[in-house]
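Peer 1: First the structure, then my questions, so here it is.
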Amino acid sequence: STMGSMSMAIQGVYGGLSTLSGAVTEMTEAFSVQEQAELRLQTIMRQRMGASEQDIEKIKQLTAEQQKLGVIGDEVQLAGAQQVATFLSERQSLELLIPAMNDLAAQQKGLNVTSDDMVNIGNMFGKVMQGQVGALRRVGITFDESQEKVLKYGTEQERAAMLAEVITQNVGHMNSVLAATDSGKAKQAANNFGDMQEEIGRVLAKWEPFIKSFSQVGMITM
């Protein structure tokens, strides 16, 4: 009888540890995705733009603000931002392009924009910034001759501003428009919950190995 009670107690403890370990893993993985996205952006901005910590922080703040008004998570935006940053030399150009990238992504993919989608859009924007305006026409974006001239021959910031203007002219502010729908509000709530998981994961990351170890000990005991 005593051994049976002990076994039940051990099973209860193990079950609790397993549940805790699974929850911790989920949150630390969310933090890891965010951390890696930020690290890639930092590396590219420093390499390509000679960016300061303040420059990098401004881009991170912009993606956070864009998440609040739209349906695309900041970690997803960061994937696109670091990709297009490989074609740029000025932080201000990146600031001009991120909202336009989000609007085009929302128009193309709706509520289901992934990091890979944003990387593809970042590549396309980068090609346009190098004068390859045909990349826009291939996805149905139209513009006139005067706009094309700026896209090809303007300064970097002029090209970035014109590219953002052309995208808005074609798809509007689709990111915020989707956020105003019921499904968009649900997506925003999910993004906010993801942020909470990331912050908790940031704190728990150093404790995860210990929690997993205790869980494994429970499994051996059983």
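The values are calculated or read from the model by the stated rules, or taken from the named source; none is laboratory data. None of these values were measured; they are calculated from a predicted model. All Cβ positions, even for glycine, are placed from backbone atoms using ideal geometry, and neighbour counts span all protein chains on display. Side chains are part of the model used for accessible areas, which takes the heavy atoms of the whole protein and leaves out ligands, DNA and RNA. Shrake-Rupley method; radii C 1.70, N 1.55, O 1.52, S 1.80 Å.
Peer 1: Quick check: is even one residue across region 88-105 modelled with pLDDT of 95 or more, open to solvent by less than 20 Å² (accessible area, probe 1.4 Å) and more than 20 Å from Lys60 (Cβ to Cβ)?
Peer 2: yes
Peer 1: Now a separate question. Can you name the condition, by its number, that Ile141 falls short on among (1) outside any loop (DSSP other than H, G, I, E, B); (2) closer than 29 Å to Arg48 by Cβ; (3) open to solvent by less than 20 Å² (accessible area, probe 1.4 Å)?
Peer 2: (1)
Peer 1: Right, next: Val177 fails exactly one of the following numbered conditions: (1) outside any loop (DSSP other than H, G, I, E, B); (2) crowded, with 18+ Cβ neighbours inside 10 Å; (3) of a type in the set (A, V, I, L, M, F, W, C). What is the number of that condition?
Peer 2: Unmet condition: (2).
Peer 1: If only one of Gly131, Gly110, Gly126 is at pLDDT below 95, over 14 Å from the mean Cα position of the chain (by Cα) and either surrounded by fewer than 24 Cβ atoms within 10 Å (Cβ to Cβ) or not β-branched (Val, Ile, Thr) (or both), which one is it?
Peer 2: Gly131
Peer 1: Pick from region 31-67 the residues that are without any contact (Cβ under 8 Å) to a residue 24 or more places away in the chain, among the charged types (D, E, K, R) and within 26 Å of Met174 (Cβ to Cβ): which of them is surrounded by the fewest Cβ atoms within 10 Å (Cβ to Cβ)?
Peer 2: Glu65
Peer 1: Against the condition in contact (Cβ under 8 Å) with a residue 40 or more places away in the chain and hydrophobic (A, V, I, L, M, F, W, C), how does Leu111 come out, does it pass? Reasoning before the result, please.
Peer 2: On the way: in contact (Cβ under 8 Å) with a residue 40 or more places away in the chain: yes; hydrophobic (A, V, I, L, M, F, W, C): yes.
Answer is yes for this residue.
Peer 1: Please specify each residue of region 57-93 satisfying the condition of being of a type in the set (S, T, N, Q) and more than 26 Å from Glu158 (Cβ to Cβ).
Peer 2: Answer for region 57-93, where residues must be of a type in the set (S, T, N, Q) and more than 26 Å from Glu158 (Cβ to Cβ): just Gln67.
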